[in-house]
Each structure stands twice: as structure tokens, then as C-alpha cells.
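One structure below.
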Amino acid sequence: MAEQEELGIISLDVNLSDVERPPEIPVGKYVGEIQSVEIKTSGQGNDYFAVRILVPAENIPAEVAEHYEDGALFFFNRLLVPKGNDRRSLWNLRQFVEKLGLDSNTNEINPNEWMNQNIGIVVGTEKNLEGEMRASVRSLFAAEEAPAREEDEQDEVAEEKPAPAPARAAARGRRR
């Protein structure tokens, strides 16, 4: 096991006890840039692409922009690394590559080509491990399909709520 390097003291500009949680990025559609791509392994042993997407401050609504002067960082960890002929993960990979504007007419993928590419993200909300609501990536779209930022578009995304639990169970064919 590699020895961990000792970290130095970090001087802050403020007292930590005075810091409050910033407001979440509002539900809506945003265009961001891919900052990093890593291959990680889930707890179930599946390899996936861990993609970090930065939405620049100028793409963030004015009412919360002051809290995100360096932009807002989002994580998209739902793209599996295909194993063999796994059609579902291959289809999802194809969709992702096409949303980046890259050519899907290939049998080789270079995730390094994804770096610094623009991609659209649909931001929704979900509960974090502490039970607090937080902004998260719900889905992706091609950046060139990004609409102009208007309040009514944010309202459309806000209305995209999951169906109540009984309806979802019925849709999946489960019996209660």
C-alpha cells in the first residue's frame, strides 16, 4: 500500500462556522463542459465512466450565480463501460457520443476525446444521503439543442416528476 503524503495546513478566508449552505442550482436545462472522465467500478463490480461536467457561471441563473462564481460542478456516473456485446450499455454509449457531437460510426472509443466537449444537462433534484434535496443530473442532451434560458422552460423541467410509487410498480408489471 502506498504511503499517503502528509497534507499541509490550509488557511481559509472565513471562519467555517460562519459558512452557510449555498442555494442549489435551479431545476432546468444547462450547457456544461466535460472537465474529467475516469473509469470507476461500482459496488456491484460494474465499470462505469465517471464524468465531471462544469456549468460555467454565465450559464447559471442570476438569482444563485453569486454563489457559483467558478461555475457549478455536476457528476454523471450512469454510463457503463460496455462488456462484450451488451446492447443496452452499447446503445447508451452511442447516445452519449452522439450528444457530444462525435462520430458514432466507429468500433473504437477514446474517452479522452470527450474532454472539454460541451454537453447539455437536465438538472432536477434528489435527496442526498442526509435526506436533503440537492441538484443532480437527470438526463443529457446535445449542447446545440440547448434552448434560450427562459423561466417557462425551467417550469417544464420542474413538472417532470416521477410517477407515484404505485403507478411505477404497476408500469413495471409488479403486483402488490
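Quick notes on this structure:
- The set of residues in segment 29-45 that are assigned to a strand (DSSP E or B) and either crowded, with 17+ Cβ neighbours inside 10 Å or more than 16 Å from the chain's Cα centre (by Cα) (or both) comprises 29, 30, 31, 32, 33, 34, 37, 41.
- Residue list for segment 116-130, restricted to those being surrounded by fewer than 13 Cβ atoms within 10 Å (Cβ to Cβ) and in a loop (DSSP other than H, G, I, E, B): 116, 128, 129, 130
- Of all residues making up segment 55-84, the number that are in a loop (DSSP other than H, G, I, E, B) and surrounded by 18 or more Cβ atoms within 10 Å (Cβ to Cβ): 3
- Taking the listed residues 26, 22, the one that is touching a His at 6+ places or on another chain (Cβ under 6 Å), over 27 Å from residue 109 (Cα atoms) and either in a loop (DSSP other than H, G, I, E, B) or of a type outside the set (S, T, N, Q) (or both) is 22, with no other qualifying.
- Positions within segment 131-150 being of a type in the set (D, E, K, R) and in a strand (DSSP E or B), in sequence order: 134, 138
- Residue match in segment 101-113 (condition: assigned to a helix (DSSP H, G or I) and either in contact with a strand residue (DSSP E or B) (Cβ under 8 Å, 6 or more places away or on another chain) or surrounded by 16 or more Cβ atoms within 10 Å (Cβ to Cβ) (or both)): yes
- Search result, residues across segment 97-120 that are within 19 Å of residue 41 (Cα to Cα) and of a type outside the set (Val, Ile, Thr): 110, 111, 112
- Boolean, residue 48 is closer than 30 Å to residue 109 by Cα, without any contact (Cβ under 8 Å) to a residue 40 or more places away in the chain and outside any loop (DSSP other than H, G, I, E, B): yes
Only the coordinates and a few stated rules stand behind these numbers; no lab work does. Computed from a predicted model, the values in this text were never measured in an experiment. Using ideal geometry, Cβ is built from the backbone for each residue, glycine included, and neighbour counts are taken over all protein chains shown.
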